[in-house]
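Engineer: Sharing a structure below in structure tokens format, with a few things to ask.
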Amino acid sequence: YRAGIRAKPDFVEGRYHLGLALAAAGRLDEAITELQEVVRRQPDSYKIRNNLGVVLFTAGRLPEAIAEFEKTLELQPDFVEAHFGLGVLLYEQPARRAEADRHLDTALRLRPDWIVARRHIERLRGK
């Protein structure tokens, strides 16, 4: 991907996939830099923003991750992965627990067959 980006700096798709590859390799800071550049160039892409949120979450940059999940939902209100990610993050903040529950319930309503999410939510809620 790097060669394609060097040859064509506006190659947004290559930069996006590079960011995902860096995240998969555990190079989170580099992945975040690449994905933030993609968001700068395509600010209305809810999928890119959601993936940036996931990488920020993984890197422990929770306020930034929350902001990306919230922006994702502004752009695509029924994007189940963003509801789940935001719900998980907010659940750890007692003052925002009710909001977290709404997002988690929405994720399950939108995708009732998502067993991994259901089990994670049950563990969060102590069931």
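We did not get these values from a lab; they are worked out from the coordinates using the rules stated. Just so you know, these numbers come straight off a predicted model, no measurement behind them. For neighbour counting, all protein chains shown are included, and Cβ atoms are generated from backbone atoms with ideal geometry for every residue, glycine included.
Engineer: Mind jotting down a quarter of the surface of the convex hull over the alpha carbons of the chain, in square nanometres, one decimal? List each step's numbers first, then the result.
Structural biologist: Numbers: hull surface 31.8 nm².
Quarter of the Cα hull surface area: 8.0 nm².
Engineer: What net charge do the residues around Leu75 carry, taking every other residue with its C-beta under 12 Å from that of Leu75, with Lys and Arg at +1 and Asp and Glu at -1?
Structural biologist: -2
Engineer: So what's the projected area for region 15-82, the Cα convex hull averaged over all directions, in nm²?
Structural biologist: Orientation-averaged projected area of the Cα hull: 3.8 nm².
Engineer: Tilt of helix 46-58 relative to the longest C-alpha principal axis of the chain, in degrees (0 to 90, nearest 10)?
Structural biologist: 80 degrees
Engineer: Place a +1 charge on the Cβ of each Lys and Arg in the chain and a -1 charge on the Cβ of each Asp and Glu, then give the dipole magnitude about the Cα centre in debye, rounded to the nearest 20.
Structural biologist: 260 debye
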